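For reference, the structure is listed below as C-alpha cells.
What follows is calculated from the coordinates using simple rules that are stated; it is not laboratory data. Just so it is clear, the structure is predicted and the values come from calculations on it, not from any experiment. Note that each Cβ is placed from the backbone with ideal geometry, even for glycine, and that neighbours are counted across all protein chains shown.
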Amino acid sequence: MTRLKIDMHVHTYYSDSTASVEEVIQEAKNKGLDGVAITDHDTLEGAEVAMGIQNDLIIVPGEEIKTDKGEILAFGIREPIPEELPLEEAIHRVHLQNGLVFVPHPTVPFFGKLNESEMRDLPIDGLEVFSSISPLA
C-alpha cells in the first residue's frame with residue numbers, strides 16, 4: 001500500500017495568504033510532502049499556476065467556496081464555482097465536475113456553520129478534521 005502525505009487545504013496569495021505558489025511548492029518539498037491541494041478562496045488561479053510548474057509534487061486543483069451556509073472545499077474541479085450559491089447547489093455543481101466536496105474546519109468556532117446532523121444529510125464526500133486554525137484544547 002502506498003501512503004501519500006498531501007496537505008489538502010493550502011492557500012496562496014491568490015486569496016488570503018502571503019505565500020506565492022512557488023513558495024508553497026518549495027515548502028511542501030521541504031516538509032517532505034508528496035503533494036498539496038491548492039484551495040484558494042473563490043478562485044482556481046493558484047491551482048492553475050501550480051499545475052503549470054514542472055515539479056514532482058502531486059497538485060490537486062481545488063477551491064474554497066463561500067456558500068450561503070458557510071464554506072466548502074472542492075477538489076478536482078477545473079471550472080470555478082460561483083460564491084454565495086445555496087450550499088446544495090454549490091455541492092451539486094462540484095459533483096457535476098466529478099469533484100469531491102469536503103467541509104473545512106467544521107469544529108472551529110465562527111467558521112463551522114453546519115451542525116453534525118446537517119452535515120450527515122448533505123451529499124458531502126468528507127470532512128477536514130484538523131486545520132491550522134483548529135483549537136488545540
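Listed values, structure above:
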quantity	calculated
Chymotrypsin sites (Phe, Trp or Tyr not before Pro), loop per DSSP, at most 12 other Cβ atoms within 10 Å - longest free stretch of the chain	1-109
Pairwise FRET efficiency - Arg3 versus His41, Cβ, R0 = 22 Å, nearest 0.05	0.15
Segment Lys69-His95, extension gain: residue separation times 0.36 nm, minus the distance between their alpha carbons	7.6 nm
Eligible aspartates and glutamates near Lys66 by straight Cα distance, threshold 13 Å, same-chain separation 8 or greater	Asp40, Asp42, Glu83, Glu84, Glu88, Glu89
Trypsin sites (Lys or Arg not before Pro) within segment 15-68: DSSP coil, no more than 16 neighbouring Cβ in 10 Å	Lys31
Inter-site label distance for Asn115 and Arg78 at 7 Å from Cα along Cβ, in nm	4.1 nm
Computed log₁₀ I(q)/I(0) - Debye formula, equal Cα scatterers, no solvent, the chain, q 0.18 Å⁻¹	-1.02
